[in-house]
1. Using Cα pairs closer than 8 Å and at least 6 residues apart in sequence, work out the relative contact order for the range 6-149, in percent.
2. Using 5 Å bins from zero, what percent of all Cα-Cα pairs in the range 80-149 falls into each bin?
3. Apply the Debye scattering formula to the chain, with a single equal point scatterer on each alpha-carbon and no solvent, then give log10 I(q)/I(0) at q = 0.19, 0.20 Å⁻¹.
4. May I ask for the net charge around residue 75, where only other residues with Cβ less than 13 Å from the Cβ of residue 75 are counted and Lys, Arg are +1 while Asp, Glu are -1?
5. Near residue 130, within a Cβ-to-Cβ distance under 14 Å, what is the net charge of the other residues, with Lys and Arg +1 and Asp and Glu -1?
6. Taking a probe of 1.4 angstrom, what is the accessible area of residue 74 in Å², to the nearest 10?
7. Given the range 26-107 reduced to its alpha-carbon atoms as identical point scatterers, what log10 I(q)/I(0) does the Debye formula return at q = 0.14, 0.16, 0.17, 0.21 Å⁻¹?
8. At a probe size of 1.4 Å, how large is the accessible area of residue 142, to the nearest 10 Å²?
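The values are calculated or read from the model by the stated rules, or taken from the named source; none is laboratory data. Since this is a predicted model, take the numbers as computed values, not measurements. We place every Cβ from the backbone using ideal geometry, glycine too, and count neighbours over all the protein chains shown. Note: accessible area is taken over every heavy atom of the protein model, side chains too, but ligands, DNA and RNA are not part of it. Shrake-Rupley method; radii C 1.70, N 1.55, O 1.52, S 1.80 Å.
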Amino acid sequence: MTPAVVSDKLLRIGEVASLTGTTPRTIRYYEEIGLLPAADDRLHGKRRLYTQADVERLEELIRLRDLLGLSLDDLKRLVEAESARAGLRERWQHTDDVDEQVAILRESLGHIAEQLRLVRARRAELERLESELASKQRRVRSLLRSREG
């Protein structure tokens with residue numbers, strides 16, 4: 001999917017859904033479970049308006065979901081780890097204290113390890129599926145050769 005580029009204009013949920021190829025219901029659900037930040041103004045009965053940053057985050061969530069085939073729980077863990085790393089990068093930029101930098105790097109390694117665990121688990125599942133399909137293919141080819149022979 002090509003990233004949707006919009007101006008500084010605030011968008012309604014239907015516009016965001018159309019731009020990202022999803023539904024308003026999915027967007028609301030992603031907000032409800034914490035994949036997208038909930039808007040404070042919606043709590044007061046107003047319509048939620050979305051920024052370009054919201055659109056980009058939703059596109060990234062959809063890309064990761066589709067690419068990795070993650071459950072929403074795993075997708076949430078992946079995104080939480082990335083958000084935590086973004087916070088650590090921010091802390092890193094504002095400190096020259098070597099002890100704090102070491103602590104930031106150690107914490108970052110933990111978040112990266114969680115992300116790698118999730119990605120590697122999906123890769124292992126795909127490799128198992130590939131192996132099963134290759135085995136079936138060999139059996140069918142063998143049967144075909146024996147019948148054509």
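1. Worked out over the range 6-149, it gives 18 percent.
2. Each 5 Å bin holds this share of Cα pairs: 3, 14, 14, 11, 9, 7, 7, 6, 6, 6, 5, 4, 3, 2, 1, 0.
3. So the normalised log intensities are -1.15, -1.20.
4. -1
5. Every neighbour counted, the sum reads +2.
6. 40
7. -0.62, -0.75, -0.81, -0.98
8. 60
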